Structure formats: structure tokens, C-alpha cells
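Scroll down for the structure; my scribbles are underneath it.
What follows is calculated from the coordinates using simple rules that are stated; it is not laboratory data. Just so it is clear, the structure is predicted and the values come from calculations on it, not from any experiment. So basically every Cβ, Gly included, is an ideal-geometry build from the backbone, and we count neighbours across all protein chains shown.
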Amino acid sequence: MIKKMKLALSAATAVLAFAGLTAAPQASADELGDLKARIAKLEKADAEQVAASKDNMVFFRGGYARNNVARRGLAAGGDVTLGTSNPVEKDGWYLGAGFDFSLSDDLFGLHDGTEVLAELMFNYSEFARSSTSTLDVIGQLTNNNLNQSATVSQFTLTASPKIKFLKGSDFRPWIIPVGFGLHVISPTSNGITYLKPAMQFAAGADYRVWNDIYLGADFRYNLGFESVPDREINVDGFTTGAYVGIGF
């Protein structure tokens, strides 16, 4: 849109300049002044359009989270870090926030109105509590009462390219073709592993409700790099919910 404004300004300036050159030699000073005023007005409108364009965004999100595979306690053939508890629920909730930084407003010259952004996001997901933890196992071995519950959760940090369509309109759908995510799992696994890399795929849309305030919804899927899924902590799953964004 900004490129179109610049092209329109250039064309208008050329037309006005040509009109001034082809005018009668006796053109008055008032007419020349009017010509300059029109050009200045067009330049001012273009500058205001550029200044009003806020391509970056900070957003706050929350909603439903689900893991494909529930973490299991020792009695169910799972982690010693979860004690002797049965499988924890797959379903949970998440809260998070992130930033969008504009890289190109025309898909790097390929398509006007299709924006490319870099998204950096962090997210906290919780999947209920296990009835026992590692301390319970230690307590059984030492005949001590060390019963403690364990919160099964994940902290996720992602960095992704985001392609956003319909630049200049209030409704903006977008996709993330693929991004990189790093998951911090709690409690740790049997092998004392707590960092799990993954890929992220996502789609969503937002709508400008007032000034630079946006409401949106998204769906994100995480696909881990487990080489032996049955023996490693599986972070595959998805989140879906709503977000509030503020343009800047």
C-alpha cells in the first residue's frame, strides 16, 4: 500500500509539473504557488501514511493445551520423577506472550500486501498435578514421609517466520510454515532431560477492533525430534485459543 501511495505521489507530481511547464508564460505567481501547495499536500499525506503504519505487534495469548502422549508415573511404566502415580492428564491450559517484528511488507518484492514478520514467543502450559513425585520414591526407600505432588508443565520458547496477508485491512489472516521451538519440561525425565527441541506449525487471524488494538485466534502444533518416541519424553501436541495484540 505504501508503494502504491509513493507511485501515486510521483505520478501526481509529474502531472502537476508538466502542467506548470506547459502553462502560458504569463502564468501568475498565484498559480505557481497553488501548484507548489498541491505538491506539498501530497507529500504530507504520504508522510502521514508512512507514520501511521504500525507493522510490529506485542500480543498476549491463552487457551487450551493438549499433549498427544500423557506423561506416566513409575507404576505405569513411565518416569521415576513422577513417582508411582498413574498417567497425568493430556489436557491442560496455557498462557503466553510474544512479539511480531516486520521484515517486509511485500513478501520481499514478490507480492504487494503480503507481509513477512519474525515472531518470538514464550508460553507456559500446565497439565494438572501428579499425586506423587521422586520424593515419594525416596521416602519409600528411606522409610520417611516425603510425599510431594509434582506439577507437570512445559515452558516453550519459539522463533518463527510469520506470513501475514491483506496488509492495510482490519482482518489479517496469517500462517507459520515452520518454526523452531525449545521446550523445558517439568519434572525432568528419567535421564534428567529437561530440554526438548521441536518444530512449530501455526495458523491464525486477527481483527483490528479499535485504533491499534487487535483480537485474534490461533492454532499451533508442536512436533518433536524424538528419535525413540516410546522411550523419550514426547512433547508433540497443540495449543489453541485467543490473543490480544497491540500494534507499535
Could you give me the residue pairs with C-beta distances under 6 Å whose first residue belongs to the range 168-182 and is more than 17 Å from residue 106 (Cβ to Cβ) and in contact (Cβ under 8 Å) with a residue 40 or more places away in the chain, whose second residue is surrounded by 12 or more Cβ atoms within 10 Å (Cβ to Cβ) and of a type outside the set (S, T, N, Q) wherever it lies, and which are 6+ apart or on separate chains? 176/162; 176/202; 181/198
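Conditions tested, residue by residue: (1) closer than 20 Å to residue 62 by Cα; (2) in a loop (DSSP other than H, G, I, E, B); (3) touching a helix residue (DSSP H, G or I) at 6+ places or on another chain (Cβ under 8 Å); (4) of a type outside the set (S, T, N, Q).
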position: 173; (1), (2), (3), (4): yes, no, no, yes
position: 179; (1), (2), (3), (4): yes, no, no, yes
position: 184; (1), (2), (3), (4): yes, no, no, yes
position: 189; (1), (2), (3), (4): no, yes, yes, no
position: 196; (1), (2), (3), (4): no, no, no, yes
position: 204; (1), (2), (3), (4): yes, no, no, yes
position: 214; (1), (2), (3), (4): yes, no, no, yes
